[in-house]
1. By how many nm would the segment from residue 115 to residue 84 lengthen if fully extended, with 0.36 nm per residue of separation less the alpha-carbon distance?
2. Quick one: net charge of residue 206's neighbours, Cβ under 11 Å, K/R +1, D/E -1?
3. Is any residue of segment 146-178 close enough, with backbone N under 20 Å, to a label point placed 7 angstrom from the Cα of residue 206 along the Cα-Cβ axis, and if so, which?
4. Which entries of 153/219; 153/212; 87/160 show an alpha-carbon separation above 26 angstrom in the structure shown?
5. How large is ³J(HN,Hα), in whole Hz, for each residue of segment 156-166 in order, when computed from phi with the Karplus curve 6.51 cos²θ - 1.76 cosθ + 1.60 and θ = phi - 60°, using x for Gly and Pro?
6. If a/c stays under 1.5 just call it rounded; otherwise compare a/b with b/c (prolate if a/b is bigger, oblate if not). Do that for segment 146-229, with a ≥ b ≥ c from the square roots of the Cα gyration tensor eigenvalues.
Amino acid sequence: MAKPTKPDAAPLPGEKAAHPAADHGLLAQLVLDYWKPAAVAAVVALAAAGSVALYQKYQASRIAEVTEKIGRITASADGAKRLTELKALLAEAPSGARDGVLLEMAKAAQDAGDLPAAALAWEDLSTSADGAMRVVAELGRAAVLVKTGDAAKALDVLEKARQTAPKTFTLAVDRQIAVTAEAAGDFKRALEGYERMKSESSMQNMSFLESKIEALRAKVESSGQKSNG
């Protein structure tokens, strides 16, 4: 005779009966609770990435727009008018386009004979730019300072430029130092500049450099200026 099946034990007082569906629901809720913050974080990250991409695209379009305006201004206006229009353009230019505007401002000011404005534009460019563009700005500023009669300050600018100039620009800086110093009567500094040019370059007109060096050595000795050579 078959034994009667035993009924499931009744839950103890205060104890909830086990229910598979309830267990599955609890598990699903835990998963949802865990993934909600992660999903929100992912959405925020995607939104941030999208914002950065949009900003970069906007900046690129603004730089292209300013570059196009620079081309139109430099092609159509004389020095004074170019300078006025470029100053207005500088006020709205994004950081990536400012160096180009400052470069054209310096050239426009020189063309207009406004040497103080040219010196200021070259100085601003040398502060904001780096690498080769900074050296170009410092060379330009030194040239303007020489024209205004401040050769001593021009030499200081050139010596500072030489300290950070890329190797491809050291010859140009040394040449400018030598020429500027010789014109200012600083024969010792001029001699040092020409001697560096001779040691650093493989110029075809080496005989010219040698004759310059000999002549400057004589001037240094006659003037009582001490040379490192």
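1. Numbers: separation 31, 0.36 × 31 = 11.16 nm, distance 1.46 nm.
Going from the current span to full extension adds 9.7 nm.
2. Working: positive: 198, 212; negative: 210.
Taking every other residue near residue 206 into account, the sum is +1.
3. 170-172, 174-175
4. Values: 153/219 22 Å; 153/212 24 Å; 87/160 28 Å.
Cα-Cα > 26 Å for 87/160; rest within.
5. So the J values, rounded to whole Hz, are 4, 4, 5, 5, 5, 4, 5, 5, 10, 5, x.
6. Values: a/c = 1.81, a/b = 1.05, b/c = 1.73.
Judged from the Cα gyration tensor, segment 146-229 comes out oblate (a/c at least 1.5, b/c at or above a/b).
Each value in this text was obtained by applying a stated rule to the coordinates, not by laboratory testing. Being a predicted model, the structure only gives us computed values, none of them experimental. Here Cβ is always computed from backbone atoms with ideal geometry, including for glycine, and neighbour counts include all displayed protein chains.
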